[in-house]
Amino acid sequence: GIIEAHRDDAAMTGGFAEALADHPDVGISVITLTDGAARIHRNYSPEMMRLARRAEGSRSVAIMRGAQLIGADIPGDGRLGEEVYRKEGEDFLEQVLDDVKPDFLIVPSLGDPLWDHRAAAEIAQVVAKGEIPIYFMDTINGTDRNGNPISPTHVIPLEEKLVARRRD
């Protein structure tokens with residue numbers, strides 16, 4: 001399972017899903033926690049942001065062969081670390097993981113510059129209880145919130161696969 005804070009974050013894990021495209025027996029569940037409405041971006045109202053993020057997440061998951069998007073509509077995007085929203089996120093994720101029964105989780109970096117991404121990773125750690133292996137993804141710019149480079153423990157090489165797919 002892939003855990004994200006917002007539906008539009010699914011675009012960040014498309015490469016991972018692409019790496020699994022040749023393995024149709026592997027199911028991919030992209031699980032998002034917030035409704036994405038609280039962040040205001042340029043001329044978007046919170047409701048417009050929620051709808052835009054929902055649409056982008058759906059488009060991203062649609063190109064991940066065999067993937068499913070399971071999204072909570074927890075209000076409080078940008079406030080996922082607050083106790084009330086964190087508890088709601090834990091309850092939702094616990095139910096989903098019980099249903100999906102993933103072999104492992106891919107979650108945002110604990111050093112991610114966006115604290116709702118970090119909160120999603122922390123929620124996943126709490127719910128996994130050390131029983132489900134967790135892999136942390138890189139941040140968009142390859143550095144943590146303090147600007148320090150992140151050194152990956154695992155790398156999924158995608159270049160050959162993506163070049164081949166572009167030729168198709």
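The values are calculated or read from the model by the stated rules, or taken from the named source; none is laboratory data. Keep in mind that this is a model prediction, so the values were computed, not measured. Here the Cβ is made from the backbone with ideal geometry for all residues, glycine too, and neighbour counts use every protein chain on show. Surface areas here come from the heavy atoms of the whole protein model, side chains and all, with no ligands, DNA or RNA. Shrake-Rupley method; radii C 1.70, N 1.55, O 1.52, S 1.80 Å.
Against the numbered list (1) touching a Gly at 6+ places or on another chain (Cβ under 7 Å); (2) over 30 Å from residue 23 (Cβ atoms), residue 51 comes up short only at (1). Within the range 136-154, the set of residues being closer than 12 Å to residue 106 by Cβ, in a loop (DSSP other than H, G, I, E, B) and within 17 Å of the chain's Cα centre (by Cα) comprises 137, 138. Screening residue 25 with (1) in contact (Cβ under 8 Å) with a residue 24 or more places away in the chain; (2) outside any helix (DSSP H, G or I); (3) surrounded by fewer than 21 Cβ atoms within 10 Å (Cβ to Cβ) gives one miss only, at (1).
Yes or no, residue by residue, for (1) touching a Ser or Thr at 6+ places or on another chain (Cβ under 8 Å); (2) among the β-branched types (Val, Ile, Thr); (3) open to solvent by less than 50 Å² (accessible area, probe 1.4 Å):
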residue	(1), (2), (3)
56	no, no, no
79	no, no, no
82	no, no, no
90	no, no, yes
112	yes, no, yes
116	yes, no, yes
120	no, no, yes
132	no, yes, yes
